[in-house]
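J.: There's a structure below that I have some questions on.
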Amino acid sequence: MRTRPLLLLVLCGGLWLNGYAVAAQGRGLRDLADKRGFYVGAAVAMRPFRTEAPYQETLKREFNIIVGENAFKWTGIHPNKGGYYFADADALVAFAAANRMKIRGHTLVWHKQLPRWVTGGSFTREEAVNLLRDHINTVVGRYKGKVIAWDVVNEAIDDETGGLRTSSFWYEKIGPDYIRMAFEFAHQADPAAKLYYNDYEAEDMGRKSDGVYRLLKELKAAGVPVDGVGWQMHVPNGFHITEAHRRNAARLAALGLEMTITELDVRTRVPASAADLQAQATAYREILGFCLSQPNCKALLAWGFTDKYSWIPGWYAGLGDALLFDKDYQPKPAYRALVEALRSASRRK
Ligand code: XIL
């Protein structure tokens with residue numbers, strides 16, 4: 001009987017060290033990130049944001065930056081010709097401001113999630129340029145001084161060739177110059193916003209990351225206002241940071257670019273075993289530790305935060321459980337790994 005309180009104390013102490021208590025006490029990752037001068041965040045899906053109380057509560061407690069999962073995309077914000085729909089993006093911007101969070105905008109130019117009135121319309125080159133200019137002026141202008149960073153161009157590099165993706169509305173209508181134009185229009189609309197090029201599977205060394213590097217080098221050499229590179233990092237479980245990631249990050253930093261891990265998730269088989277969840281935690285820890293070790297790596301955002309709402313099961317058959325919290329909003333080992341990584345990192349500002 002006498003040993004019970006002691007046992008409890010030891011157990012609680014262990015849990016505390018493991019980071020459970022951070023969430024339980026309502027302090028969250030965001031306090032740890034704030035103390036380090038770092039941004040840790042998540043993509044926000046509108047339906048649970050509007051309908052499910054723990055969704056907003058968790059966001060507020062844990063993160064100091066958010067991004068719209070779909071709200072700022074063309075299909076979300078510009079669904080009709082001449083007709084914008086700002087309600088969702090406005091709600092996210094207001095939520096961020098009310099809760100002292102930063103917000104990123106995703107994305108202005110992408111070959112996907114374009115409304116049919118765009119892809120199915122007939123546009124001359126000049127009309128397509130005007131469409132791009134009007135859209136960027138309107139969207140970036142509306143959130144000027146509020147959205148701190150934009151994924152101006154998303155996924156423009158071809159997986160196979162490392163050259164520009166040619167099967168894209170923007171490439172087809174405008175040609176390779178659409179990229180330069182998009183950054184220039186965004187810079188005109190909000191000169192203070194950080195403007196990013198964002199892509200996937202271009203994180204270690206290889207043909208695709210060479211292509212991203214080449215593009216960014218050319219843009220920089222031409223004086224195009226690009227500030228940063230986004231690494232999406234939708235990675236499979238078992239992922240590790242390698243020397244190749246460091247080399248690629250170093251060459252991008254040498255161009256004078258900042259970077260952000262923009263869409264992190266670590267997909268695992270479902271149901272995940274305890275070992276799967278530990279491996280996932282290792283991946284999250286290594287990725288955050290890597291970002292914290294790079295002075296130009298400003299933020300890490302996961303692509304969602306609860307396994308209840310994630311794009312992974314819909315896109316990768318048999319996989320899921322890729323995020324920091326389980327379906328009941330309880331922290332997973334990956335969450336505690338991020339707590340530990342932030343705790344052991346030094347202050348950055
Ligand atoms: C995904 C969203 O999560 C889904 O809800 C949507 O149906 C499709 O797009 N790379 C990106 C993101 O840049 O915009 C994608 O988001 C995931 C891959």
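The values are calculated or read from the model by the stated rules, or taken from the named source; none is laboratory data. Just so we're clear, the structure is a prediction, and the values are computed from it rather than from any experiment. Because the Cβ atoms are built from the backbone with ideal geometry, glycine has one as well, and the counts that use them run over all protein chains shown. When the accessible area is computed, the model is the full protein with side chains, heavy atoms only, and any ligands, DNA or RNA have been set aside. Shrake-Rupley method; radii C 1.70, N 1.55, O 1.52, S 1.80 Å.
J.: Take every Cα pair under 8 Å in region 3-344 that's 6+ residues apart, average their separations, divide by the length, and report that relative contact order as a whole percent.
T.: Relative contact order of region 3-344: 16 percent.
J.: Using the Cα centre of the chain as the reference point, and only Cβ charges (+1 on K/R, -1 on D/E), how large is the resulting charge dipole? Debye, rounded to the nearest 20.
T.: Here the size comes out at about 1140 debye.
J.: Can you give the accessible area of residue 201, probe radius 1.4 Å, in Å² rounded to 10?
T.: The accessible area comes out at roughly 120 Å².
J.: Would you mind pulling out the separation of the Cα centroids of region 49-77 and region 148-180, in Å?
T.: Spelled out, the Cα-based centre of one part sits 27 Å from the other.
J.: At 1.4 Å probe size, with the rest of the protein present, what percent of the exposed accessible area of the chain is carbon and sulfur atoms?
T.: Carbon and sulfur together cover 53 percent of it.
J.: Given R₀ = 41 Å, FRET efficiency for residue 167-residue 344 by Cβ-Cβ distance, to 0.05?
T.: E(calc), rounded to 0.05, equals 0.40.
J.: A 20 angstrom limit on the alpha carbon distance is what I want to check against. Which of 102/327; 102/298; 60/332 exceed it?
T.: Beyond 20 Å: 102/327.
J.: At 1.4 Å probe size, with no ligands or nucleic acids counted, give the accessible surface of residue 187 in Å², nearest ten.
T.: 70
J.: Work out, step by step, the length gained on full extension between residue 244 and residue 133: first 0.36 nm times the residue separation, then minus their alpha carbon distance; give nm to one decimal.
T.: 36.3 nm
J.: Rank these by accessible area, largest first, 1.4 Å probe: 55, 200.
T.: 200, 55
J.: Would you kindly derive the ³J(HN,Hα) couplings of region 245-252 from the backbone phi angles with the Karplus curve 6.51 cos²θ - 1.76 cosθ + 1.60 (θ = phi - 60°), listing them in order in whole Hz, with x for Gly and Pro?
T.: Running phi through 6.51 cos²θ - 1.76 cosθ + 1.60 with θ = phi - 60° gives 5, 5, 5, 5, 4, 5, 6, 5 Hz.
J.: Report the full-extension gain for the segment residue 51 to residue 192: residue separation times 0.36 nm, less the Cα-Cα distance, to one decimal in nm.
T.: Difference between extended and current length: 47.4 nm.
J.: Any idea of residue 57's accessible area? Nearest 10 Å², probe 1.4 Å.
T.: About 110 Å², ignoring ligands and nucleic acids.
J.: Next question, about the same structure. Given a 1.4 Å probe, how much area per residue of the chain is accessible, in Å²?
T.: For the chain, the solvent-accessible area averages 43 Å² per residue.
J.: Skipping prolines and chain starts, which residues have an amide H placed within reach, meaning under 5 Å, of the one on residue 302, given they are 5 or more residues away or on another chain?
T.: Excluding prolines and chain starts, which carry no amide H, the hits are 41, 42, 43, 264.
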